[in-house]
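Only one structure is covered here, and it is reproduced in the block below.
The values are calculated or read from the model by the stated rules, or taken from the named source; none is laboratory data. These figures come from a predicted structure and were not determined experimentally. Glycine gets a Cβ as well: all are built from the backbone with ideal geometry, and neighbour counts include every protein chain shown. Remember, those area values only see protein heavy atoms, side chains included, never the ligands or the DNA or RNA. Shrake-Rupley method; radii C 1.70, N 1.55, O 1.52, S 1.80 Å.
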Amino acid sequence: MAAPSVQPQRSSAKVETFVDNKRTEDIRQQNMAAGQAVADAVRTSLGPKGMDKMIQTASGEVIITNDGATILNKMDVLQPAAKFLVQLSKSQDTVAGDGTTTVVVLAGALLKQCSLLLSHGIHPTVISDALHKTSTHAVHVLTSMAVPLELSDRDSLVKSASTSLNSKVVSQYSSLLAPLAVDAVLSVVDPEKPDMVDLRDIKIVKKHGGTVDDTELVKGLVFDKKVSHSSGGLTRMENAKIGVIQFQISPPKTDIEQSIVVSDYTQMDRILKEERNYLLGMIKKIKAAGCNVLLIQKSILRDAVTDLALHYLAKAKILVIKDIERDDIEFITKTLNCLPIANVEHFRAEKLGHADMVEEVTVGESKIVKITGIKNMGRTTTVLVRGSNQLVLDEAERSLHDALCVVRCLVSKRFLIAGGGAPEIELARQLGAWAKSLQGMEGYCVKHFAESLEVIPYTLAENAGLNPISIVTELRNKHAQGEINAGINVRKGQITNILEENVVQPLLVSTSAISLATECVRMILKIDDIVTVR
């Protein structure tokens, strides 16, 4: 009898498989290192004592600035994750206008802390969720610290604008530019929408020559060009009736490409006579509507106005400003409270704007045209920025834009908060206390978030040439004693009540910086691979 065959028994134990996480970790660390490198590049520019960057573009243009958004925008960043921080500064510039360096430095500090948490074996999703929860709590803490503001409190608005200008290249002119920025924003606030300000209603015109001290707010329009008086035209007009036209005062062209052969002088005279009659007919219709100032939009099809037309317009006592940019038409018509005219047949008196004075003014070595005393003027204003050279002029414009944005923030969210690193240290202290009440990994992540906020006062002290460790330790001690408005006074080199020193900023600048920096870091955390598509 044959022995029965014995079947081998299968093991019931599960087979463990090896998963290689090395690539994922490398990608994540690579992204974080790139982000930190971008943050370190602009960190020295933070604060009133921050350094400036000299940027040389591919075209050879040189820019000197310490505006975070401008520096990062001009940098040629190649690493994909590093580009997030460039976009982050642009987002902060769009939302608040100021704090573009702060938001990037804060994001860099958060990335450093996240890298540390990852090395301790904490999962990225846990860190990401904790960051989101902490960011929301941080915004509540900052809001509770803020001081309410009324738009009638002009001094507080000027103080906020001055604080944003103190860190700029043109900081010595903050006493002039800050009140100018406040007046400009308040003049365009619509009573029907008191929380909304459109900065497109404030036109900044740069003019070379003079100094920044010569910068002025013009209640009206300014054109960075001369009046067209090549044919003896007027350069000044009182009681102006202004027409904005989008058609050409020049002989028409054929619809198709073709050539006309003229065989004798009689035919030539006939063509010239027809051209003269055509132009005269148009100018008579313009004059009949009562128009005495003509703004002519730039044309790409043919000459917007010919020398012969300018001669006839000068004879008709009509002042002409030509080559108006298409993008400026909306602002001009809103300011003059008139309508653009697309065809000479539609030229009517009711479509004209009215002003007391249109005149050509000499500024420096060139000329500009000013329109003042506009009747029923729209809610717009113009700032004429002056500077001795192009570098100063460009930086003055960027600084003024930041100041305007700060005032706009206060209009939309009417709360002030202390500057000088005070809110960040107070936030770090309160978040540290809150972390102790949380359990598990979440509390550990919140603690590291709180530590990352100290990078702002640390950098402010470092850039001012102070001892950052002793300054931040003293600042932390003051806040522990209940002095929530204690901040770093970089001018005196010590800790003072920063509200009394008039160093204030809008709440929106701080809250958006924390929210945007956190969202950017969470996005980088979630990336575990980079796929290149060719």
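Do we find that LEU393 is in contact (Cβ under 8 Å) with a residue 40 or more places away in the chain, of a type in the set (A, V, I, L, M) and either open to solvent by 60 Å² or more (accessible area, probe 1.4 Å) or within 30 Å of ASN292 (Cα to Cα) (or both) in this structure? Taking the combined requirement at face value, the residue does not satisfy it.
Could we say that VAL504 is in the same structural domain as HIS132 (by the TED database) and at pLDDT 90 or above here? The answer is no for VAL504.
Every condition in (1) open to solvent by 40 Å² or more (accessible area, probe 1.4 Å); (2) in contact with a Lys or Arg (Cβ under 9 Å, 6 or more places away or on another chain) holds for SER128 except the one numbered (1). Filtering segment 245-267 to residues that are more than 49 Å from the chain's Cα centre (by Cα) and modelled with pLDDT of 85 or more leaves TYR265, THR266.
The single residue among ALA58, ALA82, ALA33, ALA39 that is out of contact with any Pro (no Cβ under 7 Å at 6 or more places or on another chain), under 21 Å from VAL521 (Cα atoms) and open to solvent by 50 Å² or more (accessible area, probe 1.4 Å) turns out to be ALA33. Checking LEU279, LEU295, LEU308 one by one, the residue that is modelled with pLDDT of 85 or more and either part of a strand (DSSP E or B) or not assigned by the TED database to the domain that holds ASP328 (or both) is LEU295 and no other.
Residues in segment 476-492 that are touching a strand residue (DSSP E or B) at 6+ places or on another chain (Cβ under 7 Å) and within 16 Å of LYS49 (Cβ to Cβ): GLY487, ILE488, ASN489. Consider segment 337-358 and keep the residues that are among the aliphatic types (A, V, I, L, M) and assigned to a loop (DSSP other than H, G, I, E, B). The one that is nearest to the chain's Cα centre (by Cα) is LEU339. The residue of segment 426-449 that is most open to solvent (accessible area, probe 1.4 Å), among those that are touching a residue at least 60 places away in the same chain (Cβ under 8 Å) and over 15 Å from HIS132 (Cβ atoms), is TYR444. Residues in segment 218-230: is at least one assigned to a helix (DSSP H, G or I), touching a residue at least 24 places away in the same chain (Cβ under 8 Å) and open to solvent by less than 70 Å² (accessible area, probe 1.4 Å)? No.
Taking segment 371-390 as the range and being of a type in the set (S, T, N, Q), surrounded by fewer than 19 Cβ atoms within 10 Å (Cβ to Cβ) and touching a residue at least 40 places away in the same chain (Cβ under 8 Å) as the test, the residues that pass are THR372, SER388, ASN389, GLN390. Output yes when any residue across segment 21-29 is at pLDDT 85 or above and touching a helix residue (DSSP H, G or I) at 6+ places or on another chain (Cβ under 6 Å), and no when none is. No, every residue in segment 21-29 fails to be at pLDDT 85 or above and touching a helix residue (DSSP H, G or I) at 6+ places or on another chain (Cβ under 6 Å).
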